[in-house]
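The values are calculated or read from the model by the stated rules, or taken from the named source; none is laboratory data. Since this is a predicted model, take the numbers as computed values, not measurements. Positions of Cβ are backbone-derived with ideal geometry, glycine not excepted, and every protein chain shown enters the neighbour counts.
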Amino acid sequence: MLENYKIDVDFEVYKELFSRRKGEAVSFNDVIRELLGFSVNEKKQSAHIDASGKSWVRDGVELPHGTELRRTYKKTDYYAVIENGAISFMGKLHDSPSGAAMEVTEGPVNGWLFWDCKFPGKVEWINLDKLRREKKGD
């Protein structure tokens, strides 16, 4: 698996990269690879919408394989994805949202409050803690 790196771009560049995405399954990395003339890994793109893998289940919350997680932290956007029952972030697999969130903050953080999620095929994002409270009936 390739290691991921973060880069800072200004808002104008971000908007342009966003506008060049041809759909939800196309990542910013895919857009940049295409602009640079590199091949875009078709298999990787389809992994984001492939629901055939194992779901991640905790505390009454089930996130299907391919569910995306995101958070803007200190003006940088971070994304993770559910892959075969784990949270995949920056080349590492995590059992908990807090484990993935601590990779970002480099300190203790409640991952349920930190991450928003988007289910495969959906457009709306929802906070993990809100989703968990809804499942518990709070």
* Please verify whether segment 45-54 includes one or more residues that are modelled with pLDDT of 90 or more and under 17 Å from the mean Cα position of the chain (by Cα). => yes
* Take the residues of segment 105-125 that are among the hydrophobic types (A, V, I, L, M, F, W, C) and at pLDDT 95 or above: which is farthest from Thr76 (Cα to Cα)? -> Trp112
* To do: Please work out which residue is surrounded by the most Cβ atoms within 10 Å (Cβ to Cβ), limiting yourself to segment 55-109 and to residues that are touching a Gly at 6+ places or on another chain (Cβ under 8 Å) and among the polar types (S, T, N, Q).
  => Ser98
* Asked: Restricting segment 7-23 to residues that are modelled with pLDDT of 80 or more and exposed (fewer than 10 other Cβ atoms within 10 Å of the Cβ), which is nearest to Met90 (Cα to Cα)?
  -> Ile7
* Within the set of pairs 6+ apart or on separate chains, which have a first residue in segment 2-18 that is closer than 17 Å to Tyr79 by Cα and without any contact (Cβ under 8 Å) to a residue 60 or more places away in the chain, a second that is among the aliphatic types (A, V, I, L, M) and not in a helix (DSSP H, G or I), and C-beta atoms under 8 Å apart? -> Leu17/Val9
* Within segment 90-138, which residues are among the acidic types (Asp, Glu) and in a loop (DSSP other than H, G, I, E, B)? -> Asp95, Glu106, Glu124, Asp138
